[in-house]
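The structure appears right after this line, and notes come after that.
None of the figures in this text is laboratory data; all of them are computed from the coordinates on show. All figures in this text were calculated on a predicted structure; none of them were measured in a lab. Positions of Cβ are backbone-derived with ideal geometry, glycine not excepted, and every protein chain shown enters the neighbour counts.
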Amino acid sequence: MKKVGNHNSISRKLFLGLALSLIFSLTSSAQEAAPAATDAAAAPAAATGGDAVKGKELFNANCAACHKLDAKATGPALRGIAGKYDASWLHKWVRNSSDLIKSGDAQAVKVFEENNKAVMSAFPQLSDGDIDNIIAYTSEPKAEAPAPAAGATEAVPGTGGSDGGVSNNIILGALSLVMLILVVMLFLVNQVLSKVAKANGIETAPKTPTTPIWKAFARNQFLVLVTAVFLLLASAYFVYGFLMQVGVDQDYAPIQPIHYSHRIHAGDNEINCKYCHSAARVSKNGGIPSLNVCMNCHKNIAEVAETTATPEYSKAFYDEQIQKLYTAVGWDKTTQTYTGKTQPVKWVRIHNLPDFVYFNHSQHVTVAGIECQTCHGPVQEYEIQKQFAPLTMGWCIDCHRKTDVKMEGNEYYTKIHDELSKKYGVDKLTAAQMGGLECGKCHY
Amino acid sequence: MSSNKKYWKSVEELDKNSSIVEALRNNEFVEEIPTDEFLGNNDALSSSSTSRRDFLKYVGFSTAAATLAACEGPVNKSIPYVLQPEQIIPGVADYYATSVFDGFDFANLLVKTREGRPIKIDNNTIAGAKFSANARIHASILSLYDSMRLKEPKIEGKNSTWSAVDSKIKSSIADAAAKGGQVVLLTNTLASPSTEKLIAEFIGKNPNAKHVVYDAVSESEALDAFETVYGERALVDYDFSKASLIVSVGADFLGGWQGGSYDSGYAKGRIPKAGKMSRHFQLEANMTLSGAAADKRLPMSIANQKQALVHIYNIVTGSSVAVSLEDKFKAEVTKAAQQLKAAGSKGVLVSGIQDKNAQLLVLAINQALVSEAFTTSGTRQIRKGSNAKVAQLVNDMKAGSVHTLIMSGVNPVYTLSDSTSFLEGLKKVKTSVAFSLKEDETALVSTVAAAVPHYLESWNDVSITKGTYGITQPTIRPLFNTKQFQDVLLSLNGSTGTFYDYIKANSSTIIAGSSWNKVLHDGIYVGAIPAATGGSADFSAAANALSKSKVAQGLELVLYTKTGMGDGQQANNPWLQEFPDPITRVSWDNYVTVSNADAKKYELSNEIVANGGLNGSYATITTADGLKLENVPVIVQPGQAVGTIGLALGYGRKAALKEEMMVGLNAYSLYKGFNNVQTVTLAKAGGEHEFACVQGQKTLMGRGDIIKETSLEIFNTKDAQFWNEQPMVSLDHKEVEATKVDLWESFDRSTGHHFNLSIDLNACTGCGACVIACHAENNVPVVGKSEVRRSRDMHWLRIDRYYSSESTFEGDNERKENIAGLSSSLSTFNEMEKAGDNPQVSFQPVMCQHCNHAPCETVCPVAATSHSRQGQNHMAYNRCVGTRYCANNCPYKVRRFNWFLYNKNSEFDYHMNDDLGRMVLNPDVNVRSRGVMEKCSMCIQMTQATILKAKREGRAIVDGEFQTACSNACSTGAMKFGDVNDSEAEITKLAADERMYHLLEHVGTKPNVIYHVKVRNT
């Protein structure tokens, strides 16, 4: 009866595995099918016959510095502006708003006062057609963000995104399940076959009694010695490796109070590192930018574009981070003013050099002209900033040995270069040859 | 000949049989390690409940626990500015020019700030800024971060607000006006045009108000004399660089006399140029810095000095006032006077005798000489106090006629000799207000203790000399809830503006042809310098009166201010407390200096005990007026005039001081009638005092040629080899120059920079500014009195003071041979034994010599100290394991070991133990930990910063750009730093000078610190 029972269990397990894989494939296709719903009712009627595509170009070139479509910036939100004001009045206003205000136009004065009396630049170069195009663009209906995927919460990696892909974990899980089933099946087949052989009376050749291999090993003293030495060396190697990584925080990526993405800033928007980290040019510190530097841009960027959002981090999530900046710097988005209530941001320091090491950014950045990425890694790809280099002394020294000093065009080096290149008989000098390995150059 | 004199540091060393001196010479670490204390007692060891096994368990467990705990790195926070000020870049230093006068010290400064906090004081070298910072000004940066400062205003001892203080003072002034009582403003000398104008306005509004100026250390007699002759209450600003002959009668012009700051001018004439240098006679009682620098020093009592001054007056002016000068001085004084007369306009005479007649004679003599160094234009405005007015005030207070007393910058309860009278008077004053940095002795007993900001936090203007105008500008936001005296005065005057606006408005009338921004940037404005007119008085009457001055029976007590402590304002400053006095080399103490002869007479003694510390007797001093100071420690001072004793002011404070700083005794209590000379009796008291004296420590093991010295005559006439002899050593049985022999393979330093530091023994006055500057720059810890006593002081730079008798060994031998007969032999030997009565003094700053062939490097087992191509001997603290081999092998004894953790350790409760005090630390220099050796780095952080600046700007380095903290601080030009691979540099010329020598040249260490032979114009 045992036999039957065995068969039963195999088929049950097979069925279970099949059912599981089906369920997974079903859920994934369900996500693929999620529609990108649009809400036609939200679209305001186009008032003028302008070209919205041209309008977008013009808007980005002229208006975007102060206006947004859906939010108040320096100037008011412009979506649906055509519904509020007469087109000819808008033409006048855009070309020269101050004149209009001075002329005593009641509507113009009202708009002026509603917007903190911020004077709008005059755009005499824009034709009526241009302005109509812009109005057409601002009259386009607002594109709704796709509904967030079911169960996907922001900042939780590992869940399926709206692009319909099955995450690697699930595939791996399914594969390992299949492997497990195969192993079990193999074992069962073997059992069944040996039972069949027994039943049929087929004798397998009995094993000749031999000395167990471990006994033979134990008797051979030379082998024992060699193995012991090997094991000791191997463990020493690993212990050494373990100890050497104590205090080395490579890949340290702490959670920061504001989720700041270098990928968006340095990657997507190609902002130069030294625009924000300006201290690196002249100071020993790389310098975490002060919040007023952030506000140079973020005064006008209160939210991220739809396209900035990733499967992991939604637009709402990024917008919340910008709001955190506003809270810290004391910026009131609605009135476009500083409240004066600030809360300095306590960033978690990632690169921690010990006190006894002197490192100067300007020496490396300005004098040597080394790319920031050399030590900090592909920052433009980092969603979360981490420590790229080990920051060990060996790592420093290694670079000092290999790197040629950039001497061209720097008068400081003229004399030293002449003398040293004669001495070493080389044209290029490494930092080490310049004395970059001396203890006191970094330890004082 | 230079090198056959005998140099000694302490009287003890003259005793050849002293085993302790021998031990000090031979052992780097004098104390034996007390292993016997815990290993010697077998019974205790065996009966201990902790077995060896247990001990090992504990050790193992704690090691494992510590290891595991260490695996987790700490989370550090980094908080940037919300709104970053435009001029501040984190990691880059900013400098602000400022001029300062605190009532005692004055200087034109550059204040270095990092991330908005001042961390170091440098000298302003712009044209017109001639007053350099002394040791106290350098240390004042630490007084800013004094945790004992008054942090908010207090009314009757309770914390209060400024509005309450304002209304309290206003109502009191109104009450005074109603009741007809006096309102008195008691301030230190202000020298501030704006504050003085403000006070004049205040008095204009309140006719019952008056202003009394009070200097803790009075120069009233000199001021009176100058006022009599020139009609102006001021002091002469001497220009010693123009003098070829200087005679000083009791004036320590290199020390605290009339504000000091004469070093740079004096030193200019002291470096022999074209065979010429100035000659300096010093007649004095205490051994002072000026006496140490003098070519000829005559130790004499003040009574004798007065007679000597009249004698000089007679010779210079051709008068014949009767003098009663002791015969033993007559010849020397006459010689000085004749030379002075011969020098004519190139001669100058100064005097520190606190007597109006004496000060009149000074004016008469300099007038007769038509001295160039003596000028009545651009007079010093830094002392204005009048003894008579202060005495009058105390009487008024006692009479009850003072209703409101407003004090600023003064601490009369501590500094007045008759403080009991003042306290008695203060009780009758309705409202007393003390504007003070600290809750000091006076603030404690005043109705209102008004917290004022430090000068580094305030706006002010200052006119140190007539015709110059400097601005004091804040370099940090006020740390506490403080308000300036002037701002309160403004509100009392009914003005709503700030003192800043007031100065700005007022300055426009002073800075003709310049602008506020320029003056603020430069820190100083030099305008037209008016000369004082007039110039006559009855000098012969003064001479007559002076010659008849009474000679009192008993000892003369001469009160002085010390280089470290000054008038005692900064008593809570650990840098200054630990700063060893340049002459006695005693730190953390106040003591009475007694001559050898008087010490024998009163059975007072000093001795070095087994652990290398100096012990001394106690004495009780009683003045003729019955004032008494008990148990004053005694230092036997070579060169102290017989019949005189010296005692420093500024110690013995108790209020608003950390316990460690409450050292010494208050000598102001003996400063009766503002007279720095008191007739006293001395009596030995019981007990022994333990000094923290560094003179016996870190000796150069008796190896010769440490100091090289010669006379101007020999210098001019003989070959350099004669007075700057090259040491010879034997190589292959042949005599060769020591510099030619080498144990080590030479290291090529011809490329790049090669730094040398030059020290001219002729220009060094021992002022100690470099020592404090080094502290500030290099985060040198303060270790406290008991550690200093154990030879564990951490000064990277010490100024060794050597005494030498005038006679040479050769001279001694000659004399011995000439002895004929017993009587002659007895008297001659007696004379020869008096070596210590009037020694010559040499100062020698010693720091790490940065040897090209460094003995410390070869013995370091972990290569923590190593060579550099730039001539600096590097010390990697993180590599050091603390074997101390290097210190043992250093022939110069310049390495300092961190016996303890000196920061964040309550056992060492100095500035590094509180958050406020740590703000002074230089962020570019590591703070060392326990068990680590440290030493002078030749300010590698500064040289590296200079190199980096040039690299960034893409240019070669100009001579003079390389500096160290000590060379920057040196106002005399004794210390010069630079790159000897730059053939145009000044240092290259100095290194090639024939006066140049290395310390212990025969050892063959090839140091990068070079010295210049001292030349005396005897």
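Here each label is just a point 7 Å from Cα along the line to Cβ, and for A:Val348 and B:Ala174 those points are 6.1 nm apart.
With R₀ fixed at 56 Å, the C-beta to C-beta distance from A:Leu232 to A:Glu383 puts the FRET efficiency at about 0.80. R0 = 35 Å: FRET efficiency of B:Ile126 with B:Ile714, Cβ-based, nearest 0.05? That gives a FRET efficiency of 0.30. Annotation: the residues A:Ser421, A:Ser290, sorted from fewest to most other C-beta atoms within 10 Å of their own C-beta, follow the order A:Ser421, A:Ser290.
Extension gain for B:Ser377 to B:Ser46 (0.36 nm times residue separation, less C-alpha to C-alpha distance): 110.9 nm.
For B:Lys335, the lysines whose Cα falls under 22 Å of its own Cα, not counting residues fewer than eight places away in the same chain, are B:Lys242, B:Lys276, B:Lys296, B:Lys306, B:Lys346. Size check on region B:913-1018: the Cα extents along the three principal axes, sorted descending, read 51, 39, 30 Å. Taken residue by residue and averaged, Cβ atoms of other chains lying within 10 Å of the Cβ of B:950-958 number 6. Among the GluC sites (Glu not before Pro) in region B:555-638, those located in a DSSP loop and surrounded by at most 16 other Cβ atoms within 10 Å of their own Cβ are B:Glu603. Counting 0.36 nm for each residue step from B:Thr533 to B:Thr681 and taking away their Cα separation leaves a gain of 48.8 nm.
Using DSSP to define loop residues, name the chymotrypsin sites (Phe, Trp or Tyr not before Pro) in region B:357-431 whose beta-carbon has at most 16 other beta-carbon atoms within 10 Å.
Details: sites: B:Phe374, B:Tyr414, B:Phe422; in loops: B:Phe374.
Qualifying residues, ordered by number: none.
Highest mean packing comes first when the peptides B:232-238, B:96-102, B:159-165, A:122-128 are listed by Cβ atoms within 10 Å, giving B:96-102, B:232-238, B:159-165, A:122-128. Restricting region A:309-374 to trypsin sites (Lys or Arg not before Pro) that sit in a DSSP loop and have at most 12 other Cβ atoms within 10 Å of their own Cβ leaves A:Lys341. In debye to the nearest 20, how big a dipole does region B:238-369 give about its Cα centre with +1 on each Lys and Arg Cβ and -1 on each Asp and Glu Cβ? For region B:238-369, the charge dipole is close to 460 debye.
Averaging the Cα positions of each part gives two centres, and for region A:199-255 and region B:195-224 these lie 93 Å apart. Starting from the alpha-carbon convex hull of region B:227-266, give the projected area averaged over all orientations, in nm². Mean orientational projected area (region B:227-266, Cα hull): 3.4 nm².
Note on the protein assembly as shown: dipole from Cβ charges, positive end direction compared against A:Ile135, B:Thr943, B:Val519; the farthest Cα belongs to A:Ile135.
Under 5 Å from the amide H of B:Glu934 lie the amide H atoms of B:Arg896, B:Phe897, B:Asn898, each residue being 5 or more positions distant or on a separate chain, with H modelled from the backbone and absent for Pro and chain starts.
In chain B, a dipole from Cβ-located charges (positive for Lys and Arg, negative for Asp and Glu) runs towards its positive end, and of B:His795, B:Ala541, B:His998 it is B:Ala541 whose Cα lies farthest in that direction.
Using every pair of separate Cα atoms, the Kirkwood estimate puts the hydrodynamic radius of chain B at 30.4 angstrom.
Distance between the 7 Å Cα→Cβ label points at A:Val248 and B:Asp915: 3.6 nm. Each of A:Ala71 and A:Asn200 was given a label point 7 Å from its Cα along the Cα-to-Cβ line. The distance between the two points is 7.7 nm.
When all alpha carbon pairs of region A:262-393 are counted in 10 Å bins from zero, the resulting P(r) reads 10, 37, 34, 17, 2, 0 %. Net charge dipole, chain B: roughly 1460 debye, given to the nearest 20, about the Cα centre with Cβ charges of +1 for Lys and Arg and -1 for Asp and Glu.
Sequentially through region A:317-328, phi angles give Karplus couplings (6.51, -1.76, 1.60; θ = phi - 60°) of 5, 5, 4, 5, 5, 5, 4, 4, 4, 4, 4, 5 Hz, Gly and Pro residues having no value and appearing as x. Here region B:955-1018 and region A:108-129 have alpha carbon centers that stand 70 Å from each other. Over the protein assembly as shown, the pair-distance histogram of Cα-Cα distances with 10 Å bins from zero comes to 1, 6, 12, 16, 16, 14, 11, 8, 6, 4, 3, 1, 1, 0, 0, 0 percent, rounded to whole numbers. Among B:Asp166, B:Asp263, B:Asp43, B:Asp501, the ranking by other beta carbons within 10 Å of each residue's beta carbon, starting with the fewest, stands as B:Asp43, B:Asp501, B:Asp166, B:Asp263.
Semi-axes of the equivalent ellipsoid of region A:252-328 are 22, 14, 13 Å, computed as sqrt(5λ) over the eigenvalues of the C-alpha gyration tensor in descending order. Shielding value for B:81-93 is 6, the average number of Cβ atoms from other chains within 10 Å of each residue's Cβ.
For the protein assembly as shown, a simple Cβ point-charge model (Lys and Arg +1, Asp and Glu -1, everything else neutral) yields a dipole of about 1580 debye relative to the Cα centre. Summarising the amide proton neighbourhood of B:Gln872: residues at separation of 5 or more, or on other chains, whose placed amide H is nearer than 5 Å comprise B:Phe755.
Reported to the nearest whole Å, the Cα centre-to-centre distance from region A:424-442 to region B:58-104 is 30. Here the alpha carbons of region B:240-345 define both size measures, Rg and Dmax, at 13.7, 41 Å. Among beta bridges identified by DSSP and lying wholly in region B:238-369, the antiparallel ones come to about 5 percent.
When both bridge partners sit in region B:534-685, DSSP labels roughly 70% of those beta bridges antiparallel.
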